[in-house]
Amino acid sequence: MADRTPAPGTARSLQVPTRHSESHRSGRVGWLRAAVLGANDGIVSVSGLVVGVAASGAPHSAVLMSGIAGIVAGAMSMAAGEYVSVQSQADTENADLAIERRELDTQPQYELNELTHIYVRRGLEPELARRVAEQLTAHDALAAHARDELGITDTLRARPVQAALTSAAAFTSGALLPLAAVLLSPPESVQSVTIVVTLAALFVSGALAARAGGAPLLRGAVRVAFWGALAMAASSLVGRLFDVAV
């Protein structure tokens with residue numbers, strides 16, 4: 001009986017895995033950045049606000065109202081700022097893609113040569129680079145140039161609405177923690193309870209963000225908690241300096 005085993009090096013000898021075991025994190029960049037920034041900003045901003053107002057001698061009701069106002073204003077500010085910034089990136093990407101699309105229509109041979117040179121610079125032999133460029137151009141020329149010439153991929157494309165909604169939701173989720181501390185703590189201990197709750201929340205959020213991004217947990221937790229503590233200390237100092245009872 002003849003041996004039907006494919007010879008090494010042939011196309012049939014390449015086994016395509018049914019399940020890809022690698023877990024990459026680059027696809028999380030868009031929403032992870034907005035979520036981490038929004039949650040941490042919500043925790044730090046509102047906790048700093050209520051700690052500062054409480055340090056000024058304001059009554060419990062004023063501290064609570066300042067926290068609520070901070071949540072509403074902060075969530076809207078995060079959404080608007082994130083949308084505008086990411087939309088600017090999206091506009092730039094779309095403008096570059098429009099230029100590339102026009103050049104593919106008017107100078108297809110030049111664009112093919114350009115793609116070939118890109119692959120040569122990345123280490124392919126000229127003949128192989130040419131064949132790769134021709135096949136990718138035949139499959140989807142714009143996608144090939146977007147990815148390999150402009151560095152634009154579908155995974156990392158700017159998504160303004162997603163970034164805005166993620167930031168606003170994350171800010172609100174984070175800000176509810178110090179607000180809950182104000183609601184549940186006795187009026188005379190609002191500052192201390194809010195500080196403890198905030199630092200604990202920042203440790204957790206920093207660790208979760210580090211884990212999602214593949215960074216060391218302790219380093220991420222300490223980094224976030226440090227800046228939160230610094231913000232609350234500054235706000236408390238301002239409140240004590242003015243000592244204005246509302």
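The values are calculated or read from the model by the stated rules, or taken from the named source; none is laboratory data. All of these numbers come straight from a predicted model, not from anything done at the bench. Glycine gets a Cβ as well: all are built from the backbone with ideal geometry, and neighbour counts include every protein chain shown. What goes into the accessible areas is simple: the full protein's heavy atoms, side chains included, and nothing from ligands, DNA or RNA. Shrake-Rupley method; radii C 1.70, N 1.55, O 1.52, S 1.80 Å.
The table below gives the values:
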item	result
Carbon plus sulfur fraction of accessible area for segment 45-98, probe 1.4 Å, in percent	71 percent
Model label zone, VAL84; criterion: amide N under 15 Å from point 7 Å along Cα-to-beta-carbon; scope segment 157-185	164
Column: log10 I(q)/I(0), Debye, Cα scatterers of segment 160-246, q = 0.14, 0.16, 0.20, 0.24 Å⁻¹	-0.61, -0.77, -1.04, -1.20
Nearest-0.05 FRET efficiency for ALA143 and SER173, computed from C-beta distance (R0 45 Å)	0.80
Per residue accessible area in Å² of segment 111-246, where ligands, DNA and RNA are left out and the probe is 1.4 Å	58 Å²
Segment 130-246 - percent of accessible surface contributed by carbon and sulfur, probe 1.4 Å	68 percent
